[in-house]
Every structure is written in C-alpha cells, then in structure tokens.
Amino acid sequence: ESIVHCEDYAAPDHNVESIHLTFDLVPNQTTVTARMIVIPKDDRKSDDFVLYRDDVSMTYLKIGGKDSLPGQYAFVADKLIIHDISEPTEIEIQTRINPRTNLQLSGLYMSRNNYITQCEAEGFRRIMYFPDRPDVLAKYRVVIHAPKDYKALLSNGNLMEQGELLDGRNYAIWDDPFPKPSYLFALVAGNFVAQEETIKLANGKEALLQIWTEPSNQGKTDFAMQSLIKAIRWDEERFGLNLDLDRFMIVATDDFNMGAMENKGLNIFNSKCVLADSRIATDEDFARIESVIAHEYFHNWTGDRVTCRDWFQLSLKEGLTVFREQEFAADMLGTPSARAVKRIQDVRYLRTNQFPEDAGPMAHPIRPESYRQIDNFYTTTVYEKGAEVVRMYQTLFGKEGFRRGLLEYINRFDGTAATCSDFLTAMEESNGEDLSQFELWYSQAGTPRVSVSSKWDENEKTLTLTLHQSNRSFPGRAAPKPLLIPVSIGILGDDGKDIELQLQGEDNPDGTTRTLLFDQQEQTWVFENINSRPILSIGRGYSAPVIFDIEYTKDQLAFLARNDSDLFNRAEAFDRLTLLMIDQYILDLQKKGPNQGRDHIPVSEAYLFTFEDILNDESLSPAYRAELLKFPDENYIAEHRILIEPALVREVSDQIRKKIGTRLRATLEDKVQKMATPGAYRPNPIDAGKRALKHVCLGYLAFADNPKAIQQIRALYKTANNLTDQLAALKISVEASLPIAQELLNMAEIEWQREPLLMNKWLTLHSRLRHSREQRTVVEKIHALTLHGSYQPKNPNCIYSLLYAFFRSGGPEFHRPDGMGYQLWVNSVLSTDQFNPQVAARLARVLENWRRYEPSLSRMMYKALRFVNSHRELSPDVREIIENALY
Ligand code: HT7
Ligand code: ZN
C-alpha cells in the first residue's frame with residue numbers, strides 16, 4: 001500500500017461530462033449501471049482512462065456501445081484502465097455490490113432496512129468504477145428502483161419523475177444540474193418521512209426544504225428546520241450567497257461514521273446532529289445541531305460549488321466552512337458576552353484536541369504533504385486550526401475585506417476544483433496585499449510559541465514590547481521560517497482601563513486594541529504616553545493559533561481577570577490563574593508522602609477571592625461566569641503539563657473542587673437558587689447560561705459532600721422538564737461519586753431505554769465513573785456494557801459513546817497501573833478494525849501521545865501499540881496510526 005504525496009499531483013487526462021446511474025436496490029446484491037460520457041483532454045499525457053475500484057465486482061463493460069474486448073482494458077491493483085480513449089466515448093459499466101455486509105459505512109450501506117451512501121472521501125469507488133477524485137466534475141442523473149414499501153427514494157438535485165414500475169416496485173429519477181465530484185454523490189432509499197417547508201429566497205425564488213427521518217423520529221426535526229432557515233438567511237445576508245437548488249434535503253440516520261455530510265442538495269446526518277427536543281437533547285446539543293446544520297449548508301458554496309482539487313486541499317473547504325460556521329454561531333448569539341463564551345469554548349477545544357495533535361506523532365500542516373489513508377486526515381488540524389488560519393485573513397483585512405476576498409474566490413473558481421493557494425491569491429489580490437509569508441501557515445506544522453516580554457520606562461512613559469517566535473522543527477525537514485502572526489493587543493493602566501495606543505512615530509493614538517503584524521523571529525514595538533504602570537493584554541480574541549508565553553504574576557492575572565475589556569482575554573487570565581494554582585497545588589502535594597495529610601493543602605486565598613468576585617459579578621452574564629468558573633477538564637490540565645500523570649491530576653482536581661465547594665459554600669448556594677429557570681424549557685442562550693452556572697455551582701457543592709446540594713441534585717433529576725438538567729444531575733453524581741449516583745443511573749436506564757440517542761448518553765456517563773472499592777472496576781463495567789441490550793456493537797455512535805468516551809476521558813480508571821485499560825483498548829481496536837477501519841483508526845489514535853505519560857504508563861502503552869502492530873491483518877487506516885505513533 002502506498003503513500004500519496006501532494007507534490008505528485010497530476011491533473012486527470014480525461015473529464016467525465018455526464019454520468020447516468022441506475023440502482024436496482026437489493027440488500028445482498030445491488031446492481032448499479034453507469035453510462036458515462038468520457039472526454040479526453042487536449043493536453044493529456046496518455047489515452048488511458050483511469051477508474052478506481054474498491055470492493056466491487058464488474059458484470060460488464062461496454063466501450064462506445066459495444067461489449068469490451070479483453071485487450072481494451074486492464075485491472076491494475078485498485079484501478080481499471082481503459083486504453084485508447086482518444087475521443088469522446090460512451091462507457092457503460094455494471095457493478096454488483098453488497099450493501100448488507102458493508103459495515104464500514106463507506107459507499108452504499110444499509111442502516112436497518114434503509115439504504116444510505118457515504119462517498120467522501122473515497123466511497124464512490126465502492127459503488128462504481130470511476131475516476132473517483134475530487135477534480136473530476138460530472139453531471140449526474142440517477143434512477144432508483146426499490147421495493148414497493150420504500151417511500152423515500154432520494155438523490156442529489158431535482159426530482160424529475162417518480163412512480164411505480166410494472167413489476168410493482170417504485171422508481172424515482174433525479175437530475176442534478178450542477179457538475180460535481182463523485183464524493184458529493186448521495187442516494188437514500190427507505191422508509192422515511194419528511195417535515196417540509198417552502199421558503200422564499202433573497203433572490204425571489206422559492207425553495208422546498210425537507211428533513212427526512214425514520215417514522216419513530218417524526219416530530220424531532222423542528223429545531224433543525226429552524227436552524228437550516230437561519231443558516232440560509234445568514235449566508236444571504238453576510239455574503240450574498242443564495243441557495244441554488246429548488247429543493248434542499250437533510251436525512252437523519254443512526255448509522256454514520258462522522259457528524260454529517262454535505263452531499264449536493266442531499267445532506268446526510270448522523271441522527272445525533274439533527275434530532276432534538278427538550279427530552280432528548282441538551283442545551284449543548286441544541287447549539288451543536290444549529291452549528292452542524294449550518295456547517296453542512298455552508299458547504300454548498302464552500303465545498304460543493306467550489307470544491308477541492310485533491311485531498312491535500314481538504315482544509316480549503318473544511319477550515320473555511322468551520323470558520324463560517326463559527327461566525328454564524330457568534331452572530332446568532334448576538335451579545336458580546338455570549339460571543340465571547342463561544343470563542344472561549346472553541347479555543348478550549350483547539351487546545352485540548354488540536355495542540356496535542358500538533359505536538360505529537362501525527363503532527364501535520366493544515367495542508368498535509370503526504371498520507372496513506374485520507375480518512376485519517378479529517379483531523380482537528382485540518383478543521384479547527386484550518387479555521388483559525390481562515391480567521392486570520394479576517395483579522396488582517398477586516399470583515400469587509402474578508403467578504404471581498406471570499407466572493408472573489410467563489411467568482412473565480414465556481415464550478416471548479418481549487419487549491420488553498422487559489423484561496424490565498426484571491427484574498428491577497430482583492431485586498432491589495434502580499435501574503436507570500438502568510439502561506440507558510442499552510443506548510444508548517446506545530447503550534448508556534450510566542451514569547452512576550454515588555455518593559456515600562458517610567459521616565460520616558462514608554463512601553464517596549466518584544467515578541468519572539470519559535471516554530472517546531474521536524475527531523476529531515478528544512479528549518480521552519482518565521483510566520484506572519486497577527487497579534488491583537490491592549491494595554492491596561494493601573495485603573496484597569498484600556499490605554500489609547502500610540503506607537504512611536506505616530507502622531508496620534510489610534511484605538512485601544514491594535515493588531516500588530518509580527519513577521520520576524522523577533523520584533524519590538526514601542527508605545528508612547530503610558531503614564532501609569534501598564535499590564536499587557538496579549539492575543540485579544542485569540543488572534544492567532546499560537547501559545548503566548550508570558551510571565552504574569554498572580555496579582556496581574558487576578559487584575560486582568562477582573563478588568564480586561566476583552567472578554568476573551570479576561571477568561572484567559574482566569575484560566576492562567578487556575579492553571580498556576582493547580583501547578584502550585586501539585587507541587588505541594590508532591591512534597592507529601594502517601595499517608596501524609598495529602599488533603600490538607602489549602603487553595604490560595606487570593607484565588608478563592610477572585611473566583612468569588614467573578615461568581616458575584618452581575619455585570620457578567622451567567623453563561624460567561626459558568627464558562628470561566630467551571631473546573632478545567634482533566635485533559636486540558638494534562639495538556640499544559642510536561643509529564644502527564646492521570647492519577648495525580650485526578651487527586652488534585654477532586655481536592656480543589658472540594659475545597660472550593662466548602663469555602664465558597666454560601667455564595668455557591670446563593671447562585672444555585674438565583675439561577676432557577678422556571679416555566680417551559682427554552683434552549684436559548686440566556687436560559688442555557690443560567691442552567692450552566694447552576695450546574696457549575698452544584699458541581700463544586702457536590703464535591704464538598706454538601707447534603708443540601710445532594711438533595712437538590714436528586715430533585716433536579718426527578719423534577720426536570722428538560723434533559724440538560726437531568727444529564728447534569730447524573731454527571732455530577734457520577735463524577736463526585738455521590739451515594740445517589742447508582743439510583744439515578746438506574747432510573748435513567750429505564751426512562752431512556754426506547755431512545756437510542758439517550759441510551760448513548762447513558763453509556764457515556766459510565767466513562768465518568770470513579771474507582772470504588774465495593775464496585776467492579778470501571779474497566780470491567782465498560783466491558784460488561786458492550787453486552788448491554790442498548791449497545792449495538794457495529795454502530796459507530798455506540799462505540800464512540802462507550803469505548804471512545806472512556807478511552808478519551810483521560811482518568812486513572814483507563815490509565816490503570818495494571819494496564820487493564822490498555823488491554824480493553826487493544827481488544828476494541830482489533831475487533832472494530834475487522835468491520836469498520838475508519839472508526840477503529842479513531843480509537844487507535846487515543847494512545848498516540850504515549851510518550852508524554854509517566855514512565856510506568858508509557859511503557860505499557862508502548863507495549864499495547866506494539867501488540868496491535870504485530871497483527872498482520874490490520875487495515876491500512878489503523879496501520880498508519882500505529883506506525884506513526886511508534887516510529
Ligand atoms: N465533509 C464531511 C466529511 C465526512 C467524512 C469523511 C470521511 C469519512 C466519513 C465522513 N462523513 C463525513 C463532513 C464535514 O466536514 O462537513
Ligand atoms: Zn465540513
């Protein structure tokens with residue numbers, strides 16, 4: 001199996017003008033017939049027409065209307081090569097496939113008795129022999145033949161005809177007017193029902209919107225429909241981009257490897273990213289659904305109308321679309337405080353998930369240079385760091401400049417397959433700037449570190465700011481070059497107010513937040529008229545995906561946490577303060593022996609004061625306070641330490657939470673009471689924020705074994721009119737090992753048993769269980785749950801909810817000193833790899849950062865990786881991950 005290199009890209013020698021597909025749907029033996037018009041290119045290198053295949057068999061091949069002869073074609077590895085195509089030629093191929101046994105969920109597969117396709121990245125070749133590469137765009141016409149009881153027969157584009165065949169089966173004919181790459185092809189057939197709405201678009205046209213679900217999920221699509229309409233309106237208003245089809249469909253399925261897929265006009269979604277009501281979705285789920293619906297819809301322009309030349313350009317559509325989705329979500333939230341909460345969450349996600357990737361063996365630039373299995377490159381680097389890179393264009397050029405650049409890019413490349421450089425060029429040319437240095441963001445991996453030092457000259461009233469950047473170097477590669485990093489800064493005076501910023505050489509001050517263009521290894525700026533001792537607020541709004549190394553005293557951090565006018569940086573200061581406090585606590589703990597009053601270490605008073613002040617600060621929204629004050633995730637704490645010691649992180653987290661809960665009891669109780677949300681459940685940001693703050697406070701109180709809080713948590717579960725409160729009660733009880741935990745888990749199991757989405761949440765709750773002497777170990781419990789009636793062993797959502805969630809929890813229950821957690825990981829990776837390599841590879845990635853763990857654990861992780869690697873039958877997906885991790 002081979003490595004694909006970006007630099008080896010060669011344009012195809014043939015285009016496919018059109019393809020007519022006919023599907024005869026039979027579970028174990030579906031027949032697919034394709035008639036394509038193949039056009040050789042004038043500048044072609046060869047007359048060989050190259051088609052890819054994977055797990056399909058061919059029943060016939062016709063070339064130019066005639067049965068093919070043996071010498072006319074050849075099978076070479078995973079390709080079919082048809083020779084001598086030197087003029088426009090009709091090629092007809094028939095394949096046989098087996099959707100029933102397709103458990104990889106790539107290509108055409110069955111979800112219960114329904115047919116679903118997933119073609120990104122290379123699934124179409126599992127349906128039909130085809131130049132299955134994103135730079136071959138064709139027009140599709142699709143005929144579906146299916147049994148009579150299959151009500152919904154769907155494909156891309158416009159419905160031309162539907163009815164009954166002479167043999168009693170149903171048929172439908174679809175025509176997609178837009179040329180598209182094969183990865184955007186989709187077909188859905190089965191027993192689905194639709195919620196539909198007709199809307200008028202900004203350009204005056206009407207469009208039919210449909211959301212299809214299995215009948216049992218009818219009534220759970222209102223929120224998704226509203227989200228879709230909001231997304232359509234937002235793209236019209238912000239970018240003037242209209243829906244270009246008469247009909248836009250979304251289908252929900254329980255069997256899906258990822259979140260959703262942007263197939264042209266027929267988006268297919270994992271049910272968990274569409275279905276919602278107060279009973280089955282939490283506030284977080286509602287927000288996520290709105291974002292994912294918008295994300296897939298936005299792909300219609302950034303991904304579908306303009307697609308990627310090759311898979312190395314994946315971030316061209318994904319980074320850009322994540323950025324669009326983030327901007328949409330922020331605009332829907334409206335208030336500065338709510339927008340800041342969203343930004344804080346996104347940056348936390350980046351730090352917890354992308355930073356470790358960039359620091360580990362899978363580190364790659366947002367535009368990777370080589371891969372073995374493209375499915376392994378749907379990463380947080382391509383998506384989230386990619387979105388940060390796109391955000392920097394907007395930081396550099398402003399919203400208007402960004403819009404101009406995006407529209408220029410779409411104008412230039414509409415209906416074609418483009419590259420990241422094309423995007424950059426459209427941006428720089430429409431803004432009259434040279435971005436050649438900026439392009440390094442696409443080719444250099446690793447999180448840049450920016451060290452910050454500053455000096456205030458009291459006599460001259462100047463502040464000299466020096467930034468130094470260092471970028472990760474990789475063995476065997478050229479030394480990294482300095483990047484162009486936009487650094488937004490503010491300076492606070494000793495009154496806590498922003499100082500007007502005036503750089504040396506400027507006549508007048510210009511604003512209180514300035515974006516510095518930092519494009520050398522080291523650079524210095526001098527600010528004038530700084531009359532009182534200043535404090536720097538660096539990287540406001542998180543202006544670049546870097547680590548700012550800056551030495552603040554605890555007092556300075558507390559000051560910034562109370563005063564910074566930039567709400568993102570205000571949270572950042574409190575975050576730094578919390579991590580400093582945790583580090584100090586760990587040092588104190590490490591000085592103690594195993595039985596030496598390990599829980600008698602105090603949490604600093606200054607920290608508690610700052611915490612309490614923020615908690616009481618009514619000028620800040622509850623959502624914002626909740627986001628600041630919730631105790632950091634164990635993985636987030638681990639990520640900022642040099643050596644990862646899961647048991648130590650757990651001990652410290654539990655103790656600190658307990659101490660906060662004890663010392664601030666009265667204030668926390670007061671907030672629990674004040675944050676009530678009486679009346680009907682509404683998933684709006686204000687109510688959701690109140691719930692979040694109430695849950696944060698209850699969490700600290702629960703860790704302090706506060707009996708009143710335990711009562712309240714039990715009541716919260718029992719009397720809740722929404723899942724957010726119920727699930728919070730469960731999470732807190734399980735994490736704090738409250739005596740009511742098992743009782744609540746049992747109640748939930750009974751109440752939720754008919755709803756797969758809820759049972760998946762129930763499974764996930766078990767990954768938060770703590771060691772306890774009386775109970776079975778958590779590893780055994782998780783293993784036992786793989787035999788639970790609600791656990792479907794082949795279903796990705798179940799695997800992610802139980803196994804992946806447990807492995808990713810980062811706690812000592814998985815990272816056990818006897819290695820039993822890793823044993824479960826080995827078995828899970830190997831058994832999943834037998835039927836779904838994509839999902840197995842995601843499980844496999846959990847141990848890739850083994851080198852960062854304390855030696856006793858890291859040795860066992862290494863052994864587990866070696867053991868998996870010793871298996872001869874590994875899929876290329878898992879092999880790539882394991883070999884990367886080991887070597
Ligand atoms: N573009 C979609 C990616 C996707 C995918 C990739 C590989 C295997 C299965 C998949 N399902 C969806 C999702 C998106 O980013 O919008
Ligand atoms: Zn996407």
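Every number in this text was worked out from the coordinates using simple rules, so none of it is lab data. In this text, all values refer to a predicted model and were calculated from it rather than measured experimentally. Positions of Cβ are generated from backbone atoms using ideal geometry, with glycine treated the same way; all protein chains shown enter the neighbour counts.
Quick look at the numbers
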| read-out | value |
| --- | --- |
| Debye intensity ratio in log₁₀ form over the Cα atoms of the range 115-195, taken at each q of 0.14, 0.16, 0.22, 0.27 Å⁻¹ | -0.49, -0.63, -1.04, -1.28 |
| On Cα atoms only, tilt of 665-674 relative to the major axis of the chain in degrees | 50 |
| Helix-only mean residue ellipticity at 222 nm for the chain, each DSSP H run of n ≥ 4 adding -39500 (n - 2.57), per residue, nearest 500 | -12000 deg cm²/dmol |
| Exposure proxy ranking, count of Cβ atoms within 10 Å, fewest first, for Phe703, Phe806, Phe568 | Phe568, Phe703, Phe806 |
| Two-decimal log10 I(q)/I(0) for the range 307-443, as the Debye equation yields it once each C-alpha is a single scatterer, q = 0.12, 0.13, 0.19 Å⁻¹ | -0.49, -0.57, -1.17 |
| Karplus-derived 3J(HN,Hα), 6.51/-1.76/1.60, for each residue of the range 425-433, Hz, glycine and proline x | 5, 4, 5, 6, 5, 7, 10, x, 10 |
| The chain: angle of helix 386-413 to the longest principal axis, Cα-based, in degrees nearest 10 | 20 |
| Overall Cα dimensions of the range 474-538, principal axis frame, Å, largest first | 51, 25, 16 |
| Total formal charge among the other residues, if their Cβ is under 15 angstrom from that of Asp246, Lys/Arg +1 and Asp/Glu -1 | -3 |
| Kirkwood-type radius of the range 609-652, with distances r between different C-alpha atoms, in Å | 12.1 |
| Fewest-first sequence of Thr832, Thr466 by Cβ atoms within 10 Å of each Cβ | Thr466, Thr832 |
| Acute angle (nearest 10 degrees) that the helix 756-765 long axis makes with the longest principal axis of the chain, alpha-carbon atoms | 40 |
| For the range 4-191, average projected area of the Cα convex hull in nm² | 11.1 |
| The range 552-613 and the range 448-488: distance between their alpha carbon centers, rounded to Å | 26 |
| Cα centroid of the range 235-271 to Cα centroid of the range 294-372, whole Å | 17 |
| Which of Thr419, Thr462, Thr381 has the fewest Cβ neighbours within 10 Å, and the rest in rising order | Thr462, Thr419, Thr381 |
| Cβ-Cβ FRET estimate between Asp222 and Asn113, R0 fixed at 41 Å, reported to 0.05 | 0.95 |
| HN-Hα J in Hz across the range 270-277 - Karplus 6.51, -1.76, 1.60, θ = phi - 60°, x for Gly and Pro | 4, 3, 5, 9, 10, 7, 7, 7 |
| At 0.890 mPa s and 25 °C, Stokes diffusion of the range 554-659 via Kirkwood alpha-carbon radius, µm² per second | 169 |
| More than 17 Å apart - percent of Cα-Cα pairs taken over the range 753-887 | 57 |
| Interatomic Cα distance distribution for the range 552-740, bins of 10 angstrom, percent | 9, 35, 37, 17, 2, 0 |
| Histogram of C-alpha separations across the chain, 20 Å bin width, % | 13, 45, 34, 7, 0 |
| ³J(HN,Hα), Karplus 6.51/-1.76/1.60, whole Hz, each residue of the range 596-610, x for Gly, Pro | 9, x, 5, 9, 9, 8, x, 8, 4, 4, 4, 5, 4, 4, 5 |
| Relative contact order %, the chain, counting alpha carbon pairs below 8 Å whose residues are six or more apart | 8 |
